[in-house]
């Protein structure tokens, strides 16, 4: 007998699909491209990561409050905590500074966690590890309010690992669990997973630098800008400064290198798994467009200056979808899309 809408597993899965539309335009686009057996678990993992991010981003929380909520989330994902009270108390504690869809997600966390509880054992183990590593890693990066930027590229790499790289590793686990053929390529995929995810994360960091700065956060590495003759301590929105654009270009180059690894990662997915390839390609294509805009306009001073048009998003989806099964076509498209971007070897492994 089929469960009525809004109840049971079917209702929880419908809730996941609906709330995803509110909390992420990108993943609301890419997750439906996945095969049926992967879509619910990847969607579930993403929403749990979004809850983790919401805790990090809430300006009204002290580091101790964040750490407490992260630990409660870890316990809930592992099935040892009270999911309903966790979500209810998190939602009540969030301030209006947190977007309404994220507050709604917190209030509905118990529904997401019910889906987690019904995942197959290998899937659940991968998701549990992801949230544990991400949450505790984020806790390490709580700092004094007057700190501007991270120390250096190594620290940026470490931060990107906790907020994105571990997600790349989780996707490898989930893809390998889904397909024996992909499992046979686990070693090669694992070697590129963190770099693949870091390219996406760096594009987001660079796009959101001014929005983050206004909210009291900055993830730019001080050593890169110091080498260009700019002190991040003097960062001021709306004011051009010698050396800042040079430092930004250096980070665009490093992100470009990581996205090159992301393409290599995607090409390891068998061509007949076009849904998985599309899921990955669309995110990489959008990240490339973000880097192109930043490179063309390094003196942008608001995140909305780097927003992609619907036409651009549609073009990425259409072109990469057609080319998804052809390695040669994808390599060609990547070369064309990244032409003119500065290049550098990624700073991480």
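The values are calculated or read from the model by the stated rules, or taken from the named source; none is laboratory data. Keep in mind that this is a model prediction, so the values were computed, not measured. All Cβ positions, glycine included, derive from the backbone under ideal geometry; neighbour counts span all protein chains shown.
For residue 230, are the conditions met, namely being surrounded by 20 or more Cβ atoms within 10 Å (Cβ to Cβ) and part of a loop (DSSP other than H, G, I, E, B)?
Details: surrounded by 20 or more Cβ atoms within 10 Å (Cβ to Cβ): yes; part of a loop (DSSP other than H, G, I, E, B): yes.
Answer is yes for this residue.
Can you tell me which residue in the stretch 150-159 is nearest to residue 136 (Cα to Cα), limited to those that are assigned to a helix (DSSP H, G or I) and in contact (Cβ under 8 Å) with a residue 60 or more places away in the chain? Working first, answer last.
Our first condition is that a residue be assigned to a helix (DSSP H, G or I); within the stretch 150-159, this holds for 153-159.
Retained after the next criterion (residues that are in contact (Cβ under 8 Å) with a residue 60 or more places away in the chain): 153-157, 159.
Numbers: 153: 20, 154: 18, 155: 15, 156: 16, 157: 16, 159: 11 Å.
Only one residue fits best here, namely 159.
Mind checking which residues of the stretch 207-222 are assigned to a helix (DSSP H, G or I) and surrounded by fewer than 17 Cβ atoms within 10 Å (Cβ to Cβ)? Please lay out each step first, then the result.
Residues of the stretch 207-222 assigned to a helix (DSSP H, G or I): 207, 209-214, 222.
Correct list: 211, 214.
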* Asked: Among the listed residues 220, 189, which satisfies the condition of being within 25 Å of residue 297 (Cα to Cα) and touching a helix residue (DSSP H, G or I) at 6+ places or on another chain (Cβ under 8 Å)?
  -> 220
* To do: Please state which one of 81, 108 is at pLDDT below 95 and either assigned by TED's automatic domain parsing to the domain that holds residue 164 or touching a helix residue (DSSP H, G or I) at 6+ places or on another chain (Cβ under 7 Å) (or both).
  => 81
* **Candidate set: the stretch 86-118, residues that are part of a loop (DSSP other than H, G, I, E, B) and over 22 Å from the mean Cα position of the chain (by Cα); chosen: the one surrounded by the fewest Cβ atoms within 10 Å (Cβ to Cβ)** => 96
* Count, please, the residues in the stretch 163-190 that happen to be surrounded by fewer than 19 Cβ atoms within 10 Å (Cβ to Cβ), under 13 Å from residue 266 (Cα atoms) and in contact (Cβ under 8 Å) with a residue 40 or more places away in the chain. => 2
* Could you grab me the full set of residues in the stretch 28-44 that are over 15 Å from residue 176 (Cα atoms) and touching a residue at least 24 places away in the same chain (Cβ under 8 Å)? => 29, 30, 31, 33, 40, 43, 44
